[in-house]
Amino acid sequence: MSRVLISLLATLLLWGNAFAQTRELSASGVSLDRIVAIVNDGIVLQSQLDDQIQMIMSRLRGQNAQLPPAEVVRQQVLERLVLQEIQVQRAERLGVQVSDEVLNEALRDVAKRNGIPFEQMPIALAAQGVDYAAYRDDLRREILMTMLRQRDVLPRIYVSPRELEQALQRQSQQAD
């Protein structure tokens, strides 16, 4: 019996030392990412929330717009990230994927619209303080959301022959 008690005490002491070390690490100011929301099988991290808030606030400052209260922005951004995570999970369940070719074509389009050679995109983004890999991931996620919406909406659109005929008549009348 005393062996079990000694073993239990030793385990508790070791666990207590590990807990004390963890407390020391957190007290030392080392900041690790933390989970701000659990979404089914996924999570939203504090770093994601902070990055999105920073991006939105800098855009608003750039537009000289009045800044909303920080807590309002935080809540809205968190809701948006949770909805995005739900949509990404749904897309994964449905097998919707964004190929590298589609992603690279979208990046080429962004580069072309900004007058930047595609090969210079990482450098141009870094000059703006944007990580290229994170930008690719964000763009992939946006394309995924668009594909998911199209998948959901397009099958529900029905244009009757009469509606088509009326639209063509209006168009020909406007051309005259």
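The values are calculated or read from the model by the stated rules, or taken from the named source; none is laboratory data. Please read these numbers as outputs of a predicted model, since none were measured by experiment. Cβ: placed from backbone, ideal geometry, glycine included. Neighbour counts: every protein chain shown. Keep in mind that these areas ignore ligands, DNA and RNA; they rest on the heavy atoms of the full protein, side chains included. Shrake-Rupley method; radii C 1.70, N 1.55, O 1.52, S 1.80 Å.
A few remarks follow.
- Total residues in region 91-143, condition of a type in the set (Lys, Arg) and either touching a Gly at 6+ places or on another chain (Cβ under 7 Å) or surrounded by 12 or more Cβ atoms within 10 Å (Cβ to Cβ) (or both): 4
- Subset of region 60-84 [within 17 Å of the chain's Cα centre (by Cα) and not acidic (Asp, Glu)]: Val73, Arg74, Gln75, Gln76, Val77, Leu78, Arg80, Leu81, Val82, Leu83, Gln84
- Close pairs from region 41-59: first closer than 13 Å to Ala134 by Cβ, partner surrounded by fewer than 16 Cβ atoms within 10 Å (Cβ to Cβ), Cβ under 8 Å, at least 6 apart: Leu45/Asp33; Leu45/Arg34; Leu45/Ile35; Ser47/Asp33; Asp51/Ala134; Gln52/Arg80
Results for (1) in contact (Cβ under 8 Å) with a residue 12 or more places away in the chain; (2) over 26 Å from Gly42 (Cβ atoms), shown as yes or no for each residue.
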| residue | (1), (2) |
| --- | --- |
| Asn64 | no, yes |
| Glu71 | no, no |
| Gln75 | no, no |
| Val82 | yes, no |
| Arg93 | no, no |
| Arg151 | yes, no |
| Tyr158 | no, yes |
| Arg162 | no, yes |
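- Looking only at residues in region 64-90 that are in contact with a Lys or Arg (Cβ under 9 Å, 6 or more places away or on another chain) and open to solvent by less than 50 Å² (accessible area, probe 1.4 Å), the one that is modelled with the lowest pLDDT is Ala65.
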